[in-house]
Amino acid sequence: MSAWAPDELARVGDAEELEIASYRPDGTLRPYVTIWGVRSGDALYVRSAYGPENGWFRRARAAGTGRVRAGGVEKDVTFEAPPADVHGALDAAYHAKYDRHGPAIVGTVVGPQVVDVTLRVVPRD
């Protein structure tokens, strides 16, 4: 597994929004979708606010690879299942970063209903 360079991790993790795209089977990049993402420790994570049928999430999970743009960083990545013990920290990170948007919006990306729609975003070499 590759690791984020410290400056890239900070820039992407601090960005208000991420643009994320997955690769098609033919190797071309799908259009970017703007989503929220958070940093926890030395890793970045994204969650599907609207469940497992959300288009970007289905495609990212199926492809396993994609690209992320945020904070002036553009990087090829893999999408992986997160460690089981990270979800409490991710909920706290989403609250800290996005609570100003209100509980109805933040509620779509925190809690037990988003455990199965969470992806770890790992840079590829």
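Just a few scattered comments:
- The residue that is surrounded by the fewest Cβ atoms within 10 Å (Cβ to Cβ), counting only those in the range 88-105 that are of a type in the set (A, V, I, L, M) and under 22 Å from LEU119 (Cβ atoms), is ALA96.
- On inspection, ALA62 does not qualify as at pLDDT below 95 and either loosely packed, with under 14 Cβ neighbours inside 10 Å or over 12 Å from the mean Cα position of the chain (by Cα) (or both).
- Single residue of ALA10, ALA21 found to be in a strand (DSSP E or B), among the aliphatic types (A, V, I, L, M) and within 15 Å of VAL73 (Cα to Cα): ALA21
- Selection within the range 31-44 - part of a strand (DSSP E or B), within 15 Å of THR108 (Cβ to Cβ) and either within 8 Å of the chain's Cα centre (by Cα) or touching a residue at least 60 places away in the same chain (Cβ under 8 Å) (or both): ILE35, GLY37, VAL38
- PHE79 passes every criterion in (1) surrounded by fewer than 18 Cβ atoms within 10 Å (Cβ to Cβ); (2) under 12 Å from VAL117 (Cα atoms) apart from (1).
- Qualifying residue in the range 53-69 (condition: assigned to a loop (DSSP other than H, G, I, E, B), in contact (Cβ under 8 Å) with a residue 24 or more places away in the chain and over 13 Å from LEU119 (Cβ atoms)): no
- Within the range 106-125, tally of residues that are assigned to a helix (DSSP H, G or I), surrounded by fewer than 18 Cβ atoms within 10 Å (Cβ to Cβ) and either touching an Asp or Glu at 6+ places or on another chain (Cβ under 7 Å) or small (Gly, Ala, Ser) (or both): 0
The values are calculated or read from the model by the stated rules, or taken from the named source; none is laboratory data. Keep in mind the model is a prediction, meaning the values are calculated, not measured. Ideal geometry is used to build each Cβ from the backbone, glycine not excepted, and the neighbour counts take in all protein chains shown.
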